[in-house]
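The values are calculated or read from the model by the stated rules, or taken from the named source; none is laboratory data. On a predicted model such as this, the values are computed, not experimentally measured, just so you know. With ideal geometry, Cβ positions are generated from the backbone for all residues, glycine too; neighbour counts draw on all protein chains shown.
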Amino acid sequence: MSGSTSEPDSVHLVTGGGGYPGFNLGKKLAQNGKKVILVDIIKPRWPLEKNMSFIQCNIAQGHEVDKALKGADCVYHMASYGMSGREQLNTKVIEAVNVGGTENVIKACLKHKIKRLVYTSTYNVIFGGQEICDGDESLPYLPLNKHPDHYSRTKSIAEQKVLAANDPGVLHTCALRLAGVYGVGELRHIPRTVNTVQMGAMKALFGQDSLQDFLHVDNLVQGHILAGQALMESKKCVAAGQAYFLSDGAPVNTFEFFRPLLEGLGYSLPRVSVPVSLVYAVAFIIEWIHFFVGRVYNFQPILTRTEVYKSGVTHYFSIEKASRDLGYQPTIQNEISDVLEEYVQKGFKKRKRKQSALMYYFVNLIIAVIFASFVLSWLPGVK
């Protein structure tokens, strides 16, 4: 059989395959000679390889998941919801996708006798705003009531369900806890960062002495493929029931990580620095504004509380266990020059601020003033 490994099976299924990480994983598997099925509620925006196919499926609907997973040999469960921005505030959908969807995947794997399940998790199952230096997999889960957002809470619940489902000879499972993902074509973190700076909304830095991990998409793909292999009998199922941290293995300050990109586009980072606690308070207010007015005007929050912690508080983890058990070795470390080239080609070089951007912040300012006036009107002694 063609490909880089001697795996006996040929059908690899990726939930969340319409998204950036999932599609890149599926593409690499296909290039390695595997038959790949991408499963998602949205269609991929990129062209499929010749041995790739797509099944449209709502992961929160059990009957759709049951039908989609039939015939798979190895499942990479990457589908999730609520990682950043205003999606973080939609708790109903987050619960249905992250917890309910994972339960549906586990049930389908058991029903169809699928032997391998790799779950894509997050640093957030451990991290909730506390400083962590070179942490490892021996750290306990963050108590569910300590999570500042519903996404992290539900990812923790889902990861524990996946690892609990590990059953020798029946279903082998493992979880990969990812740092922030980046790379050419990334659709979430990098566009928001560039747009925030482009619209003049980044007025100060915070957490300048802090360190965080990042994960290039190529390293993400490598880690997932190795994890799938490490659940095989021929590999003695070394990864079964285990969790692993994945990153570039090179902690860096978040703003310094993005500096080459932003300065390459012609933007200077602010020189003013403010306490993380102040930015956290602002993010808290923004979340409450969204809670009250989001149904009328569903604006994109500049920052959420979780994003403040993730960007401003030191937390980085060792990849030693992934290296030892899986053979994981990052090939790229905090390299963003190709992303800069991508954004230059797309016309993101600094120019006069667009009217639409000004209007966006004008509308948000009006909403903030109305909300503040409403709150003040209920305070004692305020007329």
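Structure summary
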read-out	value
Residue in the stretch 139-146 that is out of contact with any Gly (no Cβ under 9 Å at 6 or more places or on another chain) and crowded, with 17+ Cβ neighbours inside 10 Å present	no
Any hit, the stretch 43-57, residues being closer than 15 Å to Lys155 by Cβ, touching a Leu at 6+ places or on another chain (Cβ under 8 Å) and crowded, with 21+ Cβ neighbours inside 10 Å	no
Which listed residue is closer than 18 Å to Ser121 by Cα and not aromatic (Phe, Trp, Tyr), from Ile37, Ile42, Ile55, Ile94	Ile94
Check on Lys28, touching a helix residue (DSSP H, G or I) at 6+ places or on another chain (Cβ under 8 Å), of a type in the set (Lys, Arg) and modelled with pLDDT under 95	no
Any hit, the stretch 361-371, residues being in a helix (DSSP H, G or I), closer than 25 Å to Arg259 by Cβ and either in contact with an Asp or Glu (Cβ under 8 Å, 6 or more places away or on another chain) or modelled with pLDDT under 50 (or both)	no
Selected residue (only one of Met52, Met78 is touching a residue at least 40 places away in the same chain (Cβ under 8 Å) and not charged (D, E, K, R))	Met78
All positions within the stretch 213-225 that are touching a helix residue (DSSP H, G or I) at 6+ places or on another chain (Cβ under 6 Å) and surrounded by fewer than 23 Cβ atoms within 10 Å (Cβ to Cβ)	Val217, Val221
Count of the stretch 126-157 residues which are touching a residue at least 60 places away in the same chain (Cβ under 8 Å), assigned to a helix (DSSP H, G or I) and either of a type outside the set (Phe, Trp, Tyr) or on the phi > 0 side of the Ramachandran plot (or both)	4
Complete set of residues in the stretch 213-266 that are within 16 Å of the chain's Cα centre (by Cα), assigned to a helix (DSSP H, G or I) and aliphatic (A, V, I, L, M)	Val217, Leu220, Val221
Residue match in the stretch 280-303 (condition: part of a loop (DSSP other than H, G, I, E, B), at negative phi, of a type in the set (Val, Ile, Thr) and at pLDDT 80 or above)	no
